[in-house]
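Okay, so here's the structure we're looking at.
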Amino acid sequence: LLQGYAAEMDNPLMAHLIPPELQNKKDILFGNMEEIYHFHNRIFLRELENYIEYPELVGRCFLDQMEDFQIYEKYCQNKPRSESLWRQFSDSVFFQECQRKLDHKLSLDSYLLKPVQRITKYQLLLKEMLKYSKNCEGAEDLQEALTSILGILKAVNDSMHQIAITGYDGNLNELGKLLMQGSFNVWTDHKKGHSKVKDLARFKPMQRHLFLHEKAVLFCKKREENGEGYEKAPSYSYKHSLNMAAVGITENVKGDAKKFEIWYNAREEVYIIQAPTPEVKATWVNEIRKVLT
């Protein structure tokens, strides 16, 4: 890909085939694929080769390089921009010519998906290795490597949702690390509100997608898009946020093991939140408690 497509975008002999709007867009189309390639080629592959005789110790390789694996997060975050560029120019002669020279059966977009598929494949490989490495030296490292890779996958997944937030006025990066995101039923109870509004709010829940950051929790409304690939990915319109410094939490709401309360400014605003399962509720309550303490 890097030689047969990316480098060709800089090849003067191919320049006449590239639509003007596509020129200088190599970084958008390929993201940091080159960085991923060099990491594997120069570092990770060589590390793995040291363990050909001792596959059960491979967990160490992953742990030593775990920080480098975060380059996948960058790749995945850029993916929607890459996809939309590809859709505009997928039928351009330039891409057809590159594909013909490489004799590839599939078009470029199938290959651009590879890094996303690769990072999800690692956890399957590690799980499989763990199955056959019970009680042997290296089993603990494999387990730790699996946990770390799952952590990176969660961060990738969360960040894919986060970049789909629209209408937030400000910089999301200033809210600290994104810890959790998910969909909930939410009822609100405002102490100040008009009594009619209060009664209505009691009965009909709103569907809200919550993003828990270190400094704030964001309430968004999910919009499903209809389209192909990343077009299908939902977007989230920002509704409001609560500063974690002024938030309190009530872990148990009478009569429902899936509900908890987030309240604001000494219960001036109360949000009753219903998780899809008691387990999801427990995870969120724990994370919120960590932030508050």
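The values are calculated or read from the model by the stated rules, or taken from the named source; none is laboratory data. Because the structure is predicted, anything quoted here is derived from the model rather than measured. Ideal geometry is used to build each Cβ from the backbone, glycine not excepted, and the neighbour counts take in all protein chains shown. In case anyone asks, the SASA skips ligands and DNA or RNA and just uses the protein heavy atoms, side chains included. Shrake-Rupley method; radii C 1.70, N 1.55, O 1.52, S 1.80 Å.
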If you go through Gln88, Gln70, Gln23, Gln65, the only one that is within 18 Å of Thr120 (Cβ to Cβ), open to solvent by 60 Å² or more (accessible area, probe 1.4 Å) and touching a helix residue (DSSP H, G or I) at 6+ places or on another chain (Cβ under 9 Å) is Gln70
What's the number of the only condition in (1) exposed (fewer than 13 other Cβ atoms within 10 Å of the Cβ); (2) at positive phi; (3) among the small types (Gly, Ala, Ser) that Ala15 fails to meet?
(2)
Among (1) under 18 Å from Leu175 (Cα atoms); (2) assigned to a loop (DSSP other than H, G, I, E, B) - the single one Trp284 does not satisfy
(2)
Given (1) under 20 Å from the mean Cα position of the chain (by Cα); (2) at pLDDT 95 or above, number of the condition Asn78 does not satisfy
(2)
Could you list, in sequence order, all residues of segment 166-187 that are outside any loop (DSSP other than H, G, I, E, B) and either at pLDDT below 90 or open to solvent by 50 Å² or more (accessible area, probe 1.4 Å) (or both)?
Thr166, Leu172, Asn173, Glu174, Ser183
Out of all the residues in segment 133-165, which are without any contact (Cβ under 8 Å) to a residue 24 or more places away in the chain and assigned to a loop (DSSP other than H, G, I, E, B)?
Lys134, Asn135
Inspect all residues belonging to segment 36-55 and state whether any of them is open to solvent by 50 Å² or more (accessible area, probe 1.4 Å), in contact (Cβ under 8 Å) with a residue 60 or more places away in the chain and either in a helix (DSSP H, G or I) or more than 18 Å from Leu1 (Cβ to Cβ) (or both).
yes
Do the conditions hold for Glu279, that is, is it out of contact with any strand residue (DSSP E or B) (no Cβ under 9 Å at 6 or more places or on another chain) and outside any loop (DSSP other than H, G, I, E, B)?
yes
Do we find that Pro115 is crowded, with 16+ Cβ neighbours inside 10 Å, at pLDDT below 90 and either assigned by the TED database to the domain that holds Leu17 or at negative phi (or both) in this structure?
no
Kindly check whether there is at least one residue in segment 128-146 that is under 30 Å from Arg81 (Cβ atoms) and either touching a helix residue (DSSP H, G or I) at 6+ places or on another chain (Cβ under 8 Å) or surrounded by fewer than 19 Cβ atoms within 10 Å (Cβ to Cβ) (or both).
no
Scan segment 26-35 for residues that are over 13 Å from Phe69 (Cα atoms) and open to solvent by less than 70 Å² (accessible area, probe 1.4 Å) and jot them down.
Lys26, Ile28, Leu29, Phe30, Gly31
